[in-house]
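Single-structure report; data block below.
Just so you know, all these numbers are worked out from the coordinates, no wet-lab data involved. Since we're looking at a predicted model, the values are computed, not measured. Ideal geometry is used to build each Cβ from the backbone, glycine not excepted, and the neighbour counts take in all protein chains shown.
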Amino acid sequence: MILNHLMGLYTHPKQEWQTIEKNHEALKSSLSHVLLIALIPAICAYFATAHIGWNPGAGEALFLTSESAMIMSVGMYFGLIAGVLALAYLAYWMGKTFDADPTYTQAVELAAYTATPLFMVGLAALYPVLWFIMVVGLFGLAYSVYLLYAGVPIIMNIPEEKGFIYASSVVTAGLVLLVALMGSSVILWSLGFGPMMQ
């Protein structure tokens, strides 16, 4: 039940957004989806950094200690969830500017299902070669943006023209959130919370 929209978002996204709009699930269903899907990149990153080894492209594979990899994976998990909830809040908050009147549940649905391809990219960490992860990540990001542009007019019940501008605003807010998340990681690493190599 939690993953009931997953295949539809990949095979027929516009129809799946319409199904999501018609059936508006409870908030706990969308949150369950996020909590489950966010495990994919966190678990894969743990195994890749602690047991498989990262290959940055030159030299030998790099390994983190199991403790360090676990701390980073747990931090990643909660960071991803916080990012989705923050993006949902921004989509909810911006809704009134675009003559939409979404509920927070609708905004969480939009953010949760839009983020799904990005979270699925986490599977690429099991082949931890930098160029491969970058290429797969780019495809995941592009598909997430496509889902956002396709889903905003349907979920928020607004015309496609306004939906395009609304989605563009949400993408911009998402990029700002991503930069803030990366900046906070750099600050934490500089304070001594960085990864420990084996």
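Details
- Computed E for LEU126/PHE164 - FRET, C-beta separation, R0 41 angstrom, nearest 0.05: 0.70
- Taking a Cβ cut-off of under 15 Å around GLY151, the surrounding Lys, Arg, Asp and Glu residues balance to a net charge of -2, with basic ones at +1 and acidic ones at -1.
- Among ALA26, ALA38, ALA115, residue whose mean-square fluctuation peaks in a GNM of the chain (springs only between Cα atoms under 10 Å): ALA26
- For the stretch 168-176, 3J(HN,Hα) per residue [Karplus equation, 6.51 cos²θ - 1.76 cosθ + 1.60, θ = phi - 60°, Hz, x = Gly/Pro]: 4, 5, 5, 4, 4, 4, x, 5, 5
- Model label zone, MET134; criterion: amide N under 18 Å from point 7 Å along Cα-to-beta-carbon; scope the stretch 18-56: 54-56
- Selected from ILE71, ILE81, ILE155 as most flexible by GNM, with the chain as the system and alpha-carbon contacts under 10 Å: ILE71
- Between LEU177 and TYR89, the distance separating the two model label sites (each 7 Å from Cα on the Cα→Cβ line) works out to 1.0 nm.
- Taking amide hydrogens as placed 1.01 Å from N in the peptide plane, the amide H of LEU64 sits under 5 Å from those of ALA50, GLN198, each at least 5 positions away in sequence or on another chain.
- Per-residue Karplus couplings for the stretch 7-15, computed as 6.51 cos²θ - 1.76 cosθ + 1.60 with θ equal to phi - 60°, are listed in order as 5, x, 5, 8, 8, 8, x, 5, 5 Hz, Gly and Pro entered as x.
- Full extension of the chain segment joining GLN15 with SER185 gains 57.4 nm, where the gain is 0.36 nm per residue of separation less the Cα-Cα distance.
- Against the chain, whose longest principal axis is taken from its Cα atoms, helix 104-120 shows a tilt of about 40°.
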